[in-house]
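**Student:** Pasting a structure below so you can have a look.
The values are calculated or read from the model by the stated rules, or taken from the named source; none is laboratory data. Note that the coordinates shown come from a computational prediction; the quantities given were computed from them, not determined experimentally. Cβ placement follows ideal geometry from the backbone for every residue including glycine, while neighbour counts extend to all protein chains displayed. Each accessible area value is taken on the protein alone, full model and side chains, heavy atoms only, with ligands, DNA and RNA left out. Shrake-Rupley method; radii C 1.70, N 1.55, O 1.52, S 1.80 Å.
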Amino acid sequence: MNVFRILGDVSHLLAIIILLMKILKSKSCAGISGKSQILFALVFTTRYLDLFTTFISVYNTVMKVIFLICAYVTVYMIYVKFRKTFDSENDSFRLEFLLVPVTGLSFLENHSFTALEILWTFSIYLESVAILPQLFMISKTGEAETITTHYLFFLGLYRALYIANWVWRYYTESFYDQIAVVSGVVQTIFYCDFFYLYVTKVLKGKKLSLPMPV
């Protein structure tokens, strides 16, 4: 554990809390991609199967359980409790475009050819692209609510902090996980344009808006 890992986890948890509070306070999931949330729930499910086989620490176990519960509560609120507010028309990203290549890659490139390892690898690859349906939805509608942009900012910050965590571990522990690092860098790249818009618009009190697709 190091400060970058802890701050990354806090940022990740804060992003999820912001999203849940947004939905509960407004009683609406407008502007939220249910497909991205399904992918994140799938990420946590396939990554944390080791809860049943390996104990690392109380902190590790508690965080895993919290992320799993929050992920499924979010999906429940979008597709059940507040389904009438869900914008299914604009949440139209084809998930098979992500799931098929990610599944294939997890079988081809992994640390060991075992069920748990392949599922863990699948979760790493999937997390790197799970935000794409949300970004695609924003590009279709042309704008995003301020609270939604805060959620996306802290989600992106979590990945950036984890890159710092990996750099720190490389120099202090000689630890390097190519699968996790490459996937994390790819995921962070997806947020770069959003980070620019967040700093230049949202932090100045302006609404984040994008040019509508032709």
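**Student:** Could you list the residues of segment 132-160 with an amide nitrogen less than 16 Å from a label point located 7 Å from the Cα of residue 75 in the Cα-to-C-beta direction?
**Tutor:** Only 133-134 fall inside the zone, counting backbone N under 16 Å.
**Student:** Give the relative contact order (percent, whole number) for the chain; include only Cα pairs under 8 Å separated by 6+ residues.
**Tutor:** Reported relative contact order: 32 percent.
**Student:** Oh, and also: Report the one residue of 77, 147, 120 whose Cα lies farthest in the direction of the positive end of the charge dipole of segment 55-214 (charges on C-beta: Lys and Arg +1, Asp and Glu -1; origin at the Cα centre).
**Tutor:** So the residue furthest toward the plus end is 147.
**Student:** At a Förster radius of 22 Å, what calculated FRET efficiency corresponds to the Cβ-Cβ distance of residue 186 and residue 164, to the nearest 0.05?
**Tutor:** My answer for the efficiency is 0.85.
**Student:** Report, in debye and to the nearest 20, how large the dipole of segment 1-103 comes out about its Cα centre when Lys and Arg carry +1 and Asp and Glu carry -1 on their Cβ.
**Tutor:** For this selection, approximately 300 debye.
**Student:** At a probe radius of 1.4 Å, what is the per-residue accessible area of residue 129, in Å² to the nearest 10?
**Tutor:** Residue 129 has an accessible surface of roughly 20 Å² with all protein chains in place.
**Student:** While we're here: Fully extended, how many nm does the chain gain between residue 20 and residue 68 (0.36 nm per residue separation, minus their Cα-Cα distance)?
**Tutor:** 15.9 nm
**Student:** How much length is gained if the chain between residue 116 and residue 94 is pulled fully straight, taking 0.36 nm per residue apart and subtracting their Cα-Cα distance, in nm to one decimal?
**Tutor:** Result: 5.3 nm gained on full extension.
**Student:** Under a 1.4 Å probe, what is the accessible area of segment 7-132 per residue, stated in Å²?
**Tutor:** 50
**Student:** What does the net charge come to around residue 110 if you take all other residues with beta carbon closer than 14 Å to its beta carbon, with K and R at +1 and D and E at -1?
**Tutor:** -2
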